[in-house]
1. Just to confirm a number: summing +1 for Lys and Arg and -1 for Asp and Glu over residues other than B:Thr108 whose beta-carbon lies under 12 angstrom from that of B:Thr108, what do you get?
2. Excluding ligands, DNA and RNA, what is the solvent-accessible area per residue of the stretch A:104-225 at a probe of 1.4 Å, expressed in Å²?
3. Grab the other residues whose beta carbon is less than 10 angstrom from that of A:Arg167, score K and R as +1, D and E as -1, and report the net.
4. Amide H of A:Thr149 versus every other amide H placed in the peptide plane: which residues, excluding those fewer than 5 positions away on the same chain, fall under 5 Å?
5. So who's got an amide H within less than 5 Å of the one on B:Ile16, skipping anything under 5 residues away but keeping other chains? H placed 1.01 Å off N, in plane.
6. Please list, by residue number, everything in the stretch B:125-160 whose backbone N is under 19 Å from a paramagnetic label point 7 Å out along Cα→Cβ of B:Thr13.
7. What is the set of long-range amide H partners of B:Leu132 at a cut-off below 5 Å, with H atoms built 1.01 Å from backbone N?
8. What does the charge count near B:Asp10 come to, summing +1 for each Lys or Arg and -1 for each Asp or Glu among other residues with Cβ under 11 Å from its Cβ?
Amino acid sequence: MSFESVMPPYNSTDPTARFLSSSSLDFLLIEMVPMAYRVTNQLASSSSATSSPSTGSDPTIQSQIQEGKKEEQEREPPAASAAVVLDEEELRESVFFRLESIGYRVGQGLVERFSRDRTRFGDTLDVIKFLCKDLWTLVFRKQVDNLKTNHRGVYVLTDNQFRPFSRMSTEPGGQAVLRAQPFLWLPCGIVRGALAAMGIQATVQAETTELPGAVFQIKTIAGKN
Amino acid sequence: MAIYSFYIFDRHTECIYSRTWLPPPAPPSQSSADGPHIPPPQSQTLSAKSSSDNAKLIFGTVFSLRNMVRKLGGDDDAFISFRTAQYKLHYYETASNLRLVMLTDTSTLSMRNVLHQIYINLWVEYVVKNPLSPVEHKGGEGVRNEMFEMGLDQFVRGLM
């Protein structure tokens, strides 16, 4: 975070480059998750209100209540109010889908933008390396720490200092690892989108067992590489 | 230098964080009868109730002093610290209306810089940029996280 202007020879290879405070990306990424929860809950409550008006709740009132609640809910996954409309698993799935799709789109765009000066990738491993080094540095400002593969289409990327988790912390016993999980879904989508843009269909799963580390597992879908 | 305690008040005037440090074991003799917000010899043993009362008293004091200073010295004047026979209170107010208060021994020089450092290096980094911490810290929610606590403790102990 800085107000100082960047000194000239910033980026000779890319005259279109612009600078953006990394804090704004941080804040945007932070807000994506609670926003996805809010939108999902709002959609669910408005659709349930229209589909079953017999419950007697007026949709406009409901949305007003939602508006009012917004402030308080802010960053908490609003589990309590969700239970009324969606059960936990449904909510999780729906939020995951929302974030993952957004990430997918971002990943696709990023690859088009940043692989334009490269030659075609020879094989899947080259693509994964590009992902681990170049793309990871672009999005998370560091490279992946460890890459493992079973040479049968499964790649495991370990980042011991996953950027979005670097400042994640709760009071002792605050279930930090559990609450960190939704913050992996957008990056999952970015990875999957990036791979898709480079011609690799894959499923991507991520998990963390201890902050600030994160492990991404990429399973390429056979016959597509 | 000894640092006795540290408080953060949000823009709704609520005390969202407070922390006291044990004084170095030697000099517990001098503090016997003092004002409402007492340096640690006693406040270590104070109950939760009275420590929240302490926070309220401190806020009342700094709030009035700040307003008084502005009335007397104009809007640009800032209240920085005051001292009593027992302790010195340092005050720092951010542009976002967060108020940081630190109680130290009387011989300590200005802690304005220290409070500013706490604000930019600990508060902004570990509370504001913490994805698991809410925007508003009602009841101190999200402030008392491990990274902030650890960072603050290290920083303050490094000064003492």
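The values are calculated or read from the model by the stated rules, or taken from the named source; none is laboratory data. Treat the numbers as computed from the prediction; the structure is a model and nothing was measured. Here the Cβ positions follow ideal geometry from the backbone for every residue, glycine too, while neighbour counts run over all protein chains shown. Heavy atoms of the whole protein, side chains included, go into the accessibility calculation; ligands, DNA and RNA do not. Shrake-Rupley method; radii C 1.70, N 1.55, O 1.52, S 1.80 Å.
1. It works out to a net charge of +2.
2. Working: 6250 Å² over 122 residues.
Accessible area per residue: 51 Å².
3. Numbers: positive: A:Arg163, B:Lys129; negative: A:Asp26, B:Glu125.
Surrounding charge for A:Arg167 is 0.
4. A:Val156
5. It is B:Ile8, B:Phe9, B:Asp10, by chain and number.
6. Of the residues in the stretch B:125-160, B:137-140 have backbone N under 19 Å from the label point off B:Thr13.
7. Those qualifying (amide H under 5 Å, at least 5 residues apart or on another chain) are A:Ser169.
8. On the way: positive: B:Arg11, B:Arg99, B:Lys138; negative: B:Glu14, B:Glu136, B:Glu141.
Surrounding charge for B:Asp10 is 0.
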